[in-house]
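Some notes on the structure that comes next.
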Amino acid sequence: MKSRNVIPSLFLDFMQMQEFAKNPLIFTEGRGIRLTDSDGKKYIDGLSGVFVTSLGHGNAAIVEAMSSQLRRLAFAPPLHSTSGPALDLTQMLLKIAPEGVTALKFLSGGSEATEAAMKLARQYHQQTGNPRKYKIISRYGAYHGGTMGALSAGGGRERKSVYEPLGVGFIHVHPPYCYRCPFDQSYPSCGRTCVELIERTIEAEDPATVGAVIVEPISISSAGFVVPPPDYLPRLREICDRHNIVLIYDEIITGFGRLGTMFGSEYFKAPPDITACGKGMSGGYAPLAAILIRDRIASAFYGESEDNVQFHHGHTYAGNPVACAAGIAAVTQLVEDDVVGNARLQGERLRLRLVELAERFPIIGDVRGAGLLQGVELVKNRATRERFPAATRPGKIVEREARARGLLFRCGNDFAAFAPPLISTAEEIDEMVGILAESLAVAERELGMA
Ligand code: PLP
């Protein structure tokens, strides 16, 4: 491919381009759960792109829906209009949305959605007699997007420190990372210290100044892979209710079936006030995201023109008719083909296979996840949970070996996680786990464990 020599001129996400240029990955085609690169090598897309291509590549129904919409109408200005696909998708989403959702706003990506959710929460309090409720509580290690507001709420040191100082009024608390509890306790005898401390933080900050809490139901980013205990979100819901705080779920990853339920709020049985969602909504065929808004919040935004209570927020491509056509086709498949049920079923299989691997590979310290978001934490010593030295980065060895064997998935320094397309079959799950096993074997040899 002649254009390869321009690679250093192109900045990819979070990527040192000089390093990337040594062994670039350039995709030319995708079919089902597989991708092909410019050398003709095939890979299993074990991360659904980046938690996006839930319905696989080359999905004919989505391609057809989009091409037909492209021919009819490619753009409707959201400043003063909408379109048929946007209205139809609204209706579909209201049917599957978490409890109490009566309105939504379309956006084009995850950062736009989390930014919009936080702005909506602040404006809600302004318009309901609590203008001092501006602070936003979020968690260390979280990733809510790359724009300044989303980054302010984010809690991954690596990605934000170079841009500090960030926004005012963002308060961070420790995540519910049970395998390495930040408070050196164990679940359930801990009495849920992590969530109790959120209430104490609210009280210490003054509840009259705290407007929102934003959390991912399950978080996975370069900072780690955190699955909360089952009663964490229900308890957080109670705390937010008690202090009139808007609870925002960042379901950019967990929404649209990833956990084997349509939304993470259903999996954890605790509905938020605002859901930020995207990624799987269009299956990756178009930039498409949304915030889903519960009735008590939405109702504060209706009035006469002179009341000026409308949501003062917008983006040019939000609700684009072609993106919404992709969304309609994707959500139709999720619902009508019971793709979410398949995610639940194959998720159980994946979990079982990873537990089996833990019996063979002492480098696996923990297996955790939900639905088709499952992973393993890698440790030097399983009995003591001792980590490898920071420079060892066992996850990166596993990532390198898996890629060489044709599997792409999410590896942090100390974890390896799968989020394959929700249409994956039992055979495909076994194939992915087989490649992980070979990669773990190499990692253990290289690290002197075997
Ligand atoms: N929130 C979460 C949980 C994410 O994983 C991401 C992206 O990976 C975002 C927000 C930001 O989404 P985007 O990259 O579409 O702006």
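Estimate the FRET efficiency between TYR302 and ASN130 by the formula 1/(1 + (r/R0)^6), using the beta-carbon distance for r and 30 Å for R0, to the nearest 0.05.
E between TYR302 and ASN130, to the nearest 0.05, is 0.95.
What part of the accessible area of the stretch 160-319, given as a whole %, is carbon or sulfur when the probe is 1.4 angstrom?
Carbon-and-sulfur percentage of accessible area, whole number: 52.
May I ask you to list the GluC sites (Glu not before Pro) in the stretch 20-99 that are in a DSSP loop and have at most 16 other Cβ atoms within 10 Å of their Cβ?
Passing both the DSSP loop test and the Cβ count: GLU99.
State the answer as a single residue: which of MET92, THR425, ILE364 lies farthest towards the positive end of the charge dipole of the chain, with beta carbon charges of +1 for Lys and Arg and -1 for Asp and Glu, about the Cα centre.
Farthest towards the positive pole: ILE364.
What FRET efficiency do you get for GLU164 and VAL6 if R0 is 41 Å and r is their Cβ-Cβ distance, rounded to the nearest 0.05?
Numbers: r = 32 Å, r/R0 = 0.79.
With a Förster radius of 41 Å, E is 0.80.
Using a 7 Å offset from the Cα along the Cα-to-Cβ direction at both ALA208 and ARG242, what is the distance between the two label points in nm, to one decimal?
2.0
State the extension gain, in nm to one decimal, for the chain segment bounded by THR28 and THR425, taking 0.36 nm per residue of separation less the distance between their alpha-carbons.
Details: separation 397, 0.36 × 397 = 142.92 nm, distance 2.35 nm.
Taking THR28 through THR425 to full extension adds about 140.6 nm, to one decimal.
Only four residue types carry charge here, +1 at the Cβ of Lys and Arg and -1 at the Cβ of Asp and Glu. Report the dipole size of the chain about the Cα centre in Debye, rounded to the nearest 20. Spell out each step's value before the answer.
Working: 48 positive and 50 negative charges, 162 e Å.
Value, rounded to 20: 780 debye.
May I have the pair-distance distribution P(r) for the stretch 407-450, computed from all Cα-Cα distances with 5 Å bins from 0 and rounded to whole percent?
Reading upward from the zero bin: 5, 19, 27, 24, 14, 7, 4, 1.
Rank-order 130-137, 141-148, 319-326 by packing density, defined as the average count of other C-beta atoms within 10 Å over each peptide's residues, highest first.
Top to bottom by mean Cβ count within 10 Å: 319-326, 141-148, 130-137.
Label-point separation (nm) for ARG360 and ARG71, each offset 7 Å from Cα along Cα-to-Cβ?
5.1
Using a 7 Å offset from the Cα along the Cα-to-Cβ direction at both LEU87 and GLU438, what is the distance between the two label points in nm, to one decimal?
Output for this residue pair reads 5.4 nm.
Express the relative contact order of the stretch 62-336 as a whole percentage, based on alpha carbon pairs under 8 Å and six or more residues apart in sequence.
Reported as a whole number, the value is 30 percent.
Which order, highest average first, do 112-121, 434-443, 186-195 follow once you tally other Cβ atoms within 10 Å for each residue and take the mean per peptide?
112-121, 434-443, 186-195
Leaving out ligands and nucleic acids, and using a 1.4 Å probe, what accessible area per residue does the stretch 122-253 come to in Å²?
Averaged over the residues of the stretch 122-253, the accessible area is 41 Å².
If you split all Cα-Cα distances of the stretch 311-450 into 10 Å bins from zero, what percentages do you get per bin, shortest first?
11, 36, 25, 16, 10, 2
With the dipole of the chain worked out from charges on the C-beta (+1 for Lys and Arg, -1 for Asp and Glu) around the Cα centre, which of GLY109, VAL331, SER83 lies farthest toward the positive end?
Of the listed residues, the answer is GLY109.
Take the chain, compute every pairwise Cα distance, and split them into 20 Å bins from 0; I just need the percent in each bin.
P(r) for the chain, in whole percents per bin: 24, 58, 17, 0.
If you average 1/r over all unlike Cα pairs in the stretch 123-252 and invert the result, what Kirkwood radius do you get in angstrom?
Hydrodynamic radius (Kirkwood, Cα pairs) of the stretch 123-252 is 15.1 Å.
In whole Å, what are the Cα extents of the stretch 238-310 along the three principal axes, biggest one first?
42, 33, 13
Excluding ARG360 itself, calculate the net charge of residues whose Cβ lies under 13 Å from the Cβ of ARG360, where each Lys or Arg counts +1 and each Asp or Glu counts -1.
Net of charged neighbours comes to -2.
Please give the contour-minus-distance gain from THR332 to VAL309: 0.36 nm per residue of separation, less the Cα-Cα distance, rounded to one decimal in nm.
4.9 nm
Name the residues of the stretch 209-236 whose amide N is less than 17 Å from a point 7 angstrom out from the Cα of ASP295 along the C-beta direction?
Flagged as within label range: none.
Mind jotting down the distance between the C-alpha centroids of the stretch 228-282 and the stretch 37-79, whole Å?
The stretch 37-79 and the stretch 228-282 have Cα centres separated by 26 Å.
Rank by packing, highest mean first: peptides 267-276, 334-343, with packing defined as the count of other Cβ atoms within 10 Å averaged across residues. Let's see the in-between values first.
On the way: 267-276: 24.9, 334-343: 18.5.
Peptide ranking by packing, descending: 267-276, 334-343.
The values are calculated or read from the model by the stated rules, or taken from the named source; none is laboratory data. Note that the coordinates shown come from a computational prediction; the quantities given were computed from them, not determined experimentally. In this analysis, Cβ positions are derived from the backbone assuming ideal geometry, glycine residues included, and neighbour counts consider all displayed protein chains. Calculation scope for accessible area: heavy atoms of the full protein, side chains included, ligands and nucleic acids excluded. Shrake-Rupley method; radii C 1.70, N 1.55, O 1.52, S 1.80 Å.
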